[in-house]
Amino acid sequence: MNSNIDYQNRNTAYWGKIAKNYDGFMKRFALEYPELLKLIKSDLNTDDSVLEMACGTGIISLEISSVVRQVTATDISPEMIEIASAKAQELKINNIGFIVQDGYSLDFQDNKFDVCIISNALHVVPEPERMLKEAKRVLKPQGVLITATYCHAENFKTKFISWLLTFTGFKAYRKFTSRSFIDLIEASGFSIMKSHVLKGNFPLIYVAARST
């Protein structure tokens, strides 16, 4: 089997399996997310058309919907998208569209969005460069990339916890430090506007960058 297809199938199955418990897990363990959401909202404008890649159950898209014009949110997992769509419907939020799409190959035209958000995702794909290339393609000239990822290689503690997590079925394909993550963003054709590390068991690095 093609290695990329094999990865996509395994990844889709994994996230689909945990979709129903994802929100509970995030509330319990992702204690830095309230601060992350504030950072994201501070870098958005009311007239922005926003794409969120790997949106999961819509935690970020639902939170930012009140401060932007339009949100398009994608995820590889149909189960995640189903949950996110139900939440939007229950909350009567009408400016979000949730769509199942592969972050390696988006079905959008070039230069479509003002902002692209990729949060908590680039460390769980084998080729984050491909997602960033797609983000750059669909962003308007000088569009803004907002991204955050957990730094599994930041220090000995994070490396050890990351190793323990493999026994749960979770895999960090790319184990970043905060520095190596910034290097990746710059190498992918973006100019860093700001970066901030949120402390936790895994440091979560937040980056806002402009497409060059």
Gain in length, Leu91 to Arg137, computed as 0.36 nm per residue apart minus the alpha-carbon separation, to one decimal in nm?
13.4 nm
Expected vector for region 108-124, Karplus 3J(HN,Hα) from phi with 6.51, -1.76, 1.60 and θ = phi - 60°, integer Hz, x for Gly and Pro, equals 10, 6, 5, 6, 9, 10, 7, 9, 10, 10, 10, 10, 6, 9, 5, 8, 10
What pairs from Lys17/Lys171; Lys133/Lys159; Lys38/Lys199; Lys112/Lys133; Lys17/Lys159; Lys27/Lys175 go past 19 Å between their alpha carbons?
Lys133/Lys159; Lys17/Lys159; Lys27/Lys175
Give a residue-ordered list of calculated ³J(HN,Hα) values for region 137-149 (Karplus: 6.51 cos²θ - 1.76 cosθ + 1.60, θ = phi - 60°; whole Hz; x for Gly, Pro).
4, 8, 7, 5, x, 6, x, 10, 9, 10, 9, 8, 8
For Phe176, other-chain or 5+-apart residues with amide H closer than 5 Å (H placed, Pro excluded) are His152, Ala153
Which order do the peptides 20-29, 180-189, 58-67 take when ranked by the mean count of other beta-carbon atoms within 10 Å per residue, highest first?
58-67, 180-189, 20-29
Scalar couplings 3J(HN,Hα) for region 179-191 by Karplus 6.51 cos²θ - 1.76 cosθ + 1.60 (θ = phi - 60°), nearest whole Hz, x for Gly and Pro, are 5, 5, 5, 4, 4, 4, 4, 5, 5, 8, x, 10, 9
Residues with amide H under 5 Å from that of Cys116, placed H, sequence gap 5 or more
Leu51, Val144, Leu145, Ile146
Dipole moment magnitude, nearest 20 debye, the chain about Cα centre, only Lys, Arg, Asp, Glu C-beta charged
540
Once the Cβ-Cβ distance between Val100 and Arg69 is put in as r, and R0 is 25 Å, what FRET efficiency do you end up with, to the nearest 0.05?
0.65
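None of the figures in this text is laboratory data; all of them are computed from the coordinates on show. Since the structure is predicted, the reported quantities are computational estimates derived from the model, not experimental observations. Cβ coordinates were reconstructed from backbone atoms using ideal geometry, including for glycine residues, and neighbour counts include every protein chain displayed.
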